[in-house]
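Below is one structure, written out as structure tokens, with a few remarks after it.
The values are calculated or read from the model by the stated rules, or taken from the named source; none is laboratory data. As the structure is a computational prediction, the values presented were derived from the model and not from experiment. Cβ: placed from backbone, ideal geometry, glycine included. Neighbour counts: every protein chain shown. Heads up: the accessible areas ignore ligands, DNA and RNA and are worked out on the full protein's heavy atoms, side chains in. Shrake-Rupley method; radii C 1.70, N 1.55, O 1.52, S 1.80 Å.
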Amino acid sequence: MALELAETLTETLTESDVRRIVRDEVTQAFKKDPAAKRICLIASKGSLDWTYPPLILASAAAAAGMETSIFFTFYGLNIIRKGFPEKVKVSPVGNPAMPMPLPMADTFTSLPGMKAFATAQMKAKFKKYGVASVGELINVCRDSGVRLIACTMTMEVFGIKKSDFIDGVEYAGAGAYLSEARRAHITLFI
Amino acid sequence: MALELAETLTETLTESDVRRIVRDEVTQAFKKDPAAKRICLIASKGSLDWTYPPLILASAAAAAGMETSIFFTFYGLNIIRKGFPEKVKVSPVGNPAMPMPLPMADTFTSLPGMKAFATAQMKAKFKKYGVASVGELINVCRDSGVRLIACTMTMEVFGIKKSDFIDGVEYAGAGAYLSEARRAHITLFI
Amino acid sequence: MALELAETLTETLTESDVRRIVRDEVTQAFKKDPAAKRICLIASKGSLDWTYPPLILASAAAAAGMETSIFFTFYGLNIIRKGFPEKVKVSPVGNPAMPMPLPMADTFTSLPGMKAFATAQMKAKFKKYGVASVGELINVCRDSGVRLIACTMTMEVFGIKKSDFIDGVEYAGAGAYLSEARRAHITLFI
């Protein structure tokens, strides 16, 4: 019995043993931090150029296995409206750093027709370099599990109906966005 | 004595007991993660439309019990200036996706008077659908404990004095913003 | 032997001892949370005014000892192009809240020459109040260890070559940005 007792006692953990185990477990836990696996984007703008950042980031995040959502609000709500990819326009006015193929004077960028021209230029550039179109990017997002959430308050204010949106859209308010985003490391307002 | 000893030994924790307890505690700790209770917004724009997102998100966060602050910097500093809610304007130029009640040509949106027209339209829409006005939203934020922080560097650069601001505003620099935001999961630049 | 045994047994930890130690360690661990030491900014705009926020925030974060990076994408890629600080322009159109020294009508802000005028005004104001110029801020960032990362996808789409950039720039895609940002509390899309 003395031997049996001795064996048991050598297993007895001291406070410093416990602290060592805890630090080890906590380090592991931080590596598995659930907030590091979630990204909650807000898409607030509706011109062609500003449509790309949320869709490209979301599709890249989903491809990396992250839980990904885009909350479409304000002008960004347009991105998930039926027929948007065909109608979307770049706005060359107010984008002085837009790397236009040809330098243009300010008066020129505000001329009628310039928006259509800039849109065609950007669409051509993205296509040429193998970047998906807006319509294709939306499909990639949906297919890879990105949650597309329409802001219900903006819908009410601007009178947009559920039937105006593409398939697969969810509906929520700012409170629902916050309750998810507060568990995510990456939160971006685009 | 043998019985007494045996009782004590059954209470002795092994390393695997300790790891079980630790995982349990760590899971609880992540649920209570203080960073999940804090939201640090930056409001950088000063036109009527871009005034709504920080104020609406902040009031929703405060209503959900989060520690909420808005750091007003750059053009956003205007939002907390005295008399701002009466003077604020929407800028229809450069917002091609602004869901205007009537479609308008680009030349039309840059005509004098269009800014006043767009502002009236937006104010009317928000009012019609029960959304608070900018002045009301600022009051809701202050009353619910949202900290309104003016960027001291922008104040210096643009020559804005403390007496230009509404009551209840705090003053801080970018460093102070960062030291709070690095303890918050939700950080948005609006 | 009975005395020796008694001593050992008094050191035996109970489950509640272990939980106390764990809570203590976890509280310490959250204070040392590595995500609280990292900031991952995205700079997406290229006009003079929107150049300041990412550079000022990054230099302030680096000064506070944080691991800091800026991912330059879209129009923001211009900021790290050779010769940018000399060529950068403010865009007064679409910034209705830009605190101009003199109130100006909308038609006036869209006149040719206004962009140069607004740029000169802003440069003068920043200089007058001791804020570094864009070129100086970029140097401060590089010298203090801020990582300047160019978005390779934008480079391809807009045909920008590595030789177009200033020294010390790194190159990465959206996926690389996400894998760092998901370990950072402060992530801002500017």
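Overview of values
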item: Averaged over C:57-70, number of beta-carbon atoms from partner chains that fall within 10 Å; result: 3
item: For B:Lys82, label point 7 Å along C-beta direction: distances to other copies, nm; result: 5.3, 5.3
item: Mean-position separation - Cα centroids, region B:161-190 and region B:32-57, in angstrom; result: 11 Å
item: Shielding by partners, peptide B:23-34 (average Cβ within 10 angstrom, other chains); result: 6
item: B:Glu86 - accessible surface, heavy atoms, 1.4 Å probe, Å² rounded to 10; result: 130 Å²
item: Accessible area that becomes buried as C packs against A, both chains, 1.4 Å probe, Å², nearest 100; result: 4200 Å²
item: Amide proton proximity set for A:Ile186, modelled H, under 5 Å, gap of 5+; result: A:Arg38, A:Cys40
item: For A:Gly168, inter-copy label distances in nm, listed shortest first [label point 7 Å out on the Cα-Cβ vector]; result: 4.3, 4.3
item: Among the listed pairs A:Lys32/B:Lys32; B:Lys87/C:Lys45; A:Lys161/B:Lys45; A:Lys37/C:Lys31, those beyond 18 Å (Cα-Cα); result: B:Lys87/C:Lys45; A:Lys161/B:Lys45; A:Lys37/C:Lys31
item: Rounded accessible area of B:Lys32 (nearest 10 Å², 1.4 Å probe); result: 130 Å²
item: Protein-only accessible surface order, largest first, of B:Val140, B:Val22 at 1.4 Å; result: B:Val140, B:Val22
